[in-house]
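Below is one structure; the comments refer to it alone.
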Amino acid sequence: MENCHLAELVHRQADKYKDRTVLRYRDDASGKWNKISWRAFSERIMLAAKAMAEFGVEECENIGIYSQNMPQYLITDFAAFANRAVMVPLYATSSPSQIEYIVEDAKIRFLFAGEQFQYNNAFIVQRNSSVLKRIIVFDRNVTFHPDDKTSVYFDDFVKMGDSSLAETTVKVRMMNISGDDLATIIYTSGTTGEPKGVMLKHSSFMEIIRIHDLRLTMLSDKDHTLCFLPLAHIFEKAWSYYCLHVGMKISINRDPKEIQKIIKEVNPTAMCSVPRFWEKVYIGVNEVISGATGIKKWLFMDSIRTGKRYNLDYKNKEIAAPLGLKIKFWLYDKTVFTLLRKVIGINNGNIFPCAGAPLSDEINEFLHSVNIPLCYGYGLSETTATVSCFLERGFTFGTVGTIMPGVDVKIGENSEILVKGKTVTCGYYNKPQATADAFIDGWFRTGDAGKLTDKNEIILTERIKDLFKTSNGKYIAPQALESRIAADKYIEQIAVIGDKRKFVSALVVPAFPLLKEYAESNGIKYNSTEELVQDDRIHRLIESHIEELQKGFASFEKIKRFTLLPKAFTMEAGEITNTLKFRRAVIQDHYAAVIDEMYIEEQ
């Protein structure tokens with residue numbers, strides 16, 4: 001399809017695909033998957049667009065959306081684009097204080113909310129806000145507060161758009177849209193300091209679509225993607241828009257906690273995800289392998305060795321494999337690997353983009369060995385997602401892929417990765433100083449350190465803001481340790497500590513379901529998780545696993561002491577962001593006494 005701005009995208013596709021299915025969503029009551037055709041999708045967008053105009057939405061106005069993934073989310077997005085309005089997504093898990101900050105900063109008059117949780121929080125904000133005027137609620141089952149006289153259900157809201165004046169207004173606005181118009185403002189999670197609103201133009205999305213057409217040549221309108229990550233996340237947002245451009249069918253996952261069940265129902269050929277999803281797949285598969293015995297275990301191990309040799313030593317290097325290896329791989333792919341992919345729910349997999357955090361080479365290599373087509377990459381909200389990603393053939397482990405066409409990358413001071421191109425943000429909303437600080441001679445400063453290979457690939461070394469120095473003067477990159485150790489089946493979360501300390505320590509949250517199984521099978525009695533994590537046998541178990549996983553790290557980088565925590569780090573406590581990144585300062589403040597105790601004997 002010819003590249004166009006976002007306001008036109010769905011309607012052009014509707015002219016082409018008509019009654020073909022574009023969206024699927026699950027009815028929670030019946031478990032049935034409902035369908036929306038391209039034609040119906042286009043019509044609903046236009047009805048919502050007219051309703052916005054009738055409601056008083058102005059051109060270039062910021063509109064908030066605070067919801068989990070659902071069809072109404074995408075309808076609202078594209079209805080706003082038709083009005084030359086700017087979409088401001090808020091994570092469905094955001095607290096009232098987070099909503100209030102964004103509403104006030106972006107001057108949001110109209111906020112679209114998903115379910116009861118989002119409505120309740122939005123109404124709390126509205127009662128104390130001089131800015132927020134109306135809440136439009138997607139879920140018809142939401143109960144409005146008795147004092148609420150202004151909110152409206154989305155279905156009723158859409159009916160307000162049935163007027164010729166609103167239709168004319170929307171048509172004129174669509175004709176006036178240009179690539180220089182803002183499409184969205186995405187507020188960063190704010191691991192340090194307050195959130196910043198990343199401004200992205202229509203031209204940035206048009207460019208990201210263009211360059212992905214050049215890179216992801218394996219995709220077509222026959223593919224089927226599962227919308228899994230929050231649409232408030234630039235990765236899922238840009239990916240979903242690209243999938244609509246390609247003409248794919250999109251199944252929408254409303255509840256991230258249900259992903260293991262939903263993915264088996266949907267069986268997507270494509271899905272973008274963060275590394276934690278694949279870490280859990282890896283842990284699950286290794287559980288099965290470690291529990292196997294005899295010939296069954298040998299077959300598992302031999303299939304992985306065969307897949308690694310065929311896919312990585314030959315196919316990835318575009319070398320013809322020996323006939324015997326080719327046949328052996330084909331047999332394993334049709335048996336062991338097919339069964340494995342079917343258990344996960346991806347037996348028709350074509351490509352699975354993965355980014356957002358470090359992924360260990362061990363897991364990456366394993367997934368490719370068992371013929372799961374992972375496309376590992378790197379990007380930021382400020383670069384409209386992808387800066388680099390794996391090629392279909394010729395990728396290199398230890399990198400985050402080859403730089404995208406049309407994107408320029410160079411290495412600046414302190415090994416910082418600098419990016420330039422049409423996909424890069426025009427700045428931070430209402431923050432001229434932060435915008436000025438984020439650029440140097442026209443290059444965007446990513447805050448990530450790395451280096452470039454002679455094959456135009458990026459090697460990430462650390463997140464500069466996360467980098468800390470021990471009191472012995474040694475620099476530590478905590479993410480490298482954390483991503484390596486979090487691959488262990490008994491570890492759910494790990495936060496590495498050590499800034500200005502004599503050695504590296506860690507706060508560890510165990511994977512309690514598996515840990516409890518271990519305790520039961522080893523006769524370890526306990527009355528609470530607090531009691532379980534204090535047991536010496538449990539501590540020795542985790543210690544042995546950490547020691548094994550730290551092989552290859554320098555002595556000064558290794559974790560010398562750790563404390564097992566009885567509960568996880570949470571968004572509610574402000575310890576992790578909506579994108580599951582650690583707020584390290586908050587964690588260190590909350591667990592100051594626990595951390596100090598690990599260093600008592602060294603002081």
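The values are calculated or read from the model by the stated rules, or taken from the named source; none is laboratory data. Please read these numbers as outputs of a predicted model, since none were measured by experiment. Cβ atoms come from the backbone with ideal geometry, glycine included; neighbour counts cover every protein chain shown. Just the protein is used for accessible areas: all its heavy atoms, side chains included, with ligands, DNA and RNA removed. Shrake-Rupley method; radii C 1.70, N 1.55, O 1.52, S 1.80 Å.
The figures follow:
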read-out	value
Test for residue 235: is it over 22 Å from residue 479 (Cβ atoms) and touching a residue at least 24 places away in the same chain (Cβ under 8 Å)	no
Residue within region 67-74 that is in contact (Cβ under 8 Å) with a residue 60 or more places away in the chain, outside any helix (DSSP H, G or I), of a type outside the set (Phe, Trp, Tyr) and surrounded by fewer than 24 Cβ atoms within 10 Å (Cβ to Cβ) present	yes
Residue check, residue 327 part of a helix (DSSP H, G or I), over 30 Å from residue 439 (Cα atoms) and free of Cβ contacts under 8 Å to residues at least 40 places away in the same chain	yes
Unmet criterion (only one of (1) over 16 Å from residue 308 (Cα atoms); (2) touching a His at 6+ places or on another chain (Cβ under 9 Å)) for residue 374	(1)
Complete set of residues in region 354-398 that are aromatic (Phe, Trp, Tyr) and touching a residue at least 24 places away in the same chain (Cβ under 8 Å)	366, 376, 378, 395, 397
Residue in region 418-473 that is farthest from residue 183 (Cα to Cα), counting only those that are part of a loop (DSSP other than H, G, I, E, B) and among the hydroxyl-bearing types (Ser, Thr, Tyr)	471
Number of positions in region 285-314 that are out of contact with any helix residue (DSSP H, G or I) (no Cβ under 9 Å at 6 or more places or on another chain) and either surrounded by 18 or more Cβ atoms within 10 Å (Cβ to Cβ) or polar (S, T, N, Q) (or both)	1
Pair list, Cβ under 6 Å, 6 or more apart: region 133-158 residue more than 22 Å from residue 56 (Cα to Cα), other residue open to solvent by 30 Å² or more (accessible area, probe 1.4 Å)	139/115; 140/153; 142/116
Test: residue in region 27-47 that is at pLDDT 95 or above, under 22 Å from residue 203 (Cβ atoms) and of a type in the set (Val, Ile, Thr)	yes
Leading residue by the ranking (nearest to residue 500 (Cα to Cα)) among those in region 539-556 that are open to solvent by 40 Å² or more (accessible area, probe 1.4 Å) and at pLDDT below 90	556
Neighbours by Cβ (under 8 Å, 6+ apart or cross-chain): first from region 504-523, closer than 30 Å to residue 472 by Cβ and touching a residue at least 12 places away in the same chain (Cβ under 8 Å); second surrounded by 15 or more Cβ atoms within 10 Å (Cβ to Cβ) and of a type in the set (Ser, Thr, Tyr)	504/470; 505/563; 505/599; 506/563; 507/563; 507/591; 508/563; 510/490
Enumeration of residues in region 343-371 that are open to solvent by 10 Å² or more (accessible area, probe 1.4 Å), part of a helix (DSSP H, G or I) and under 21 Å from residue 310 (Cα atoms)	361, 362, 365, 366, 368
Qualifying positions in region 383-415 - of a type in the set (D, E, K, R) and either assigned to a strand (DSSP E or B) or open to solvent by less than 20 Å² (accessible area, probe 1.4 Å) (or both)	408, 410
Of residues in region 497-534 being of a type in the set (A, V, I, L, M) and over 22 Å from residue 588 (Cβ atoms), the one surrounded by the most Cβ atoms within 10 Å (Cβ to Cβ)	515
Residue among 48, 85, 113 that is surrounded by 23 or more Cβ atoms within 10 Å (Cβ to Cβ) and under 21 Å from the mean Cα position of the chain (by Cα)	113
Matching helices (runs of 4 or more DSSP H) fully within region 475-579 where at least 2 residues are under 30 Å from residue 415 (Cα atoms)	478-485, 536-549
Answer residue from region 92-105, given it is open to solvent by 10 Å² or more (accessible area, probe 1.4 Å) and under 20 Å from residue 182 (Cβ atoms) and is nearest to the chain's Cα centre (by Cα) among those	102
Residues that are surrounded by fewer than 17 Cβ atoms within 10 Å (Cβ to Cβ) and of a type outside the set (A, V, I, L, M, F, W, C), drawn from region 436-468	437, 441, 442, 447, 451, 453, 454, 455, 456, 461, 465
Residue within region 422-437 that is of a type in the set (A, V, I, L, M, F, W, C) and free of Cβ contacts under 8 Å to residues at least 12 places away in the same chain present	yes
Qualifying residues in region 13-45 (those that are among the aromatic types (Phe, Trp, Tyr) and not in a helix (DSSP H, G or I)) - the one surrounded by the fewest Cβ atoms within 10 Å (Cβ to Cβ)	33
Those residues of region 96-132 which are farther than 14 Å from residue 63 by Cα, touching a helix residue (DSSP H, G or I) at 6+ places or on another chain (Cβ under 7 Å) and in a loop (DSSP other than H, G, I, E, B), in sequence order	129
Hits in region 284-306 (condition: over 34 Å from the mean Cα position of the chain (by Cα) and polar (S, T, N, Q))	293
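Every residue, every condition in (1) open to solvent by less than 40 Å² (accessible area, probe 1.4 Å); (2) of a type outside the set (D, E, K, R); (3) closer than 30 Å to residue 196 by Cα, yes or no:
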| position | (1), (2), (3) |
| --- | --- |
| 558 | no, no, no |
| 561 | no, no, no |
| 565 | yes, yes, no |
| 572 | no, no, yes |
| 588 | no, yes, yes |
| 593 | no, yes, no |
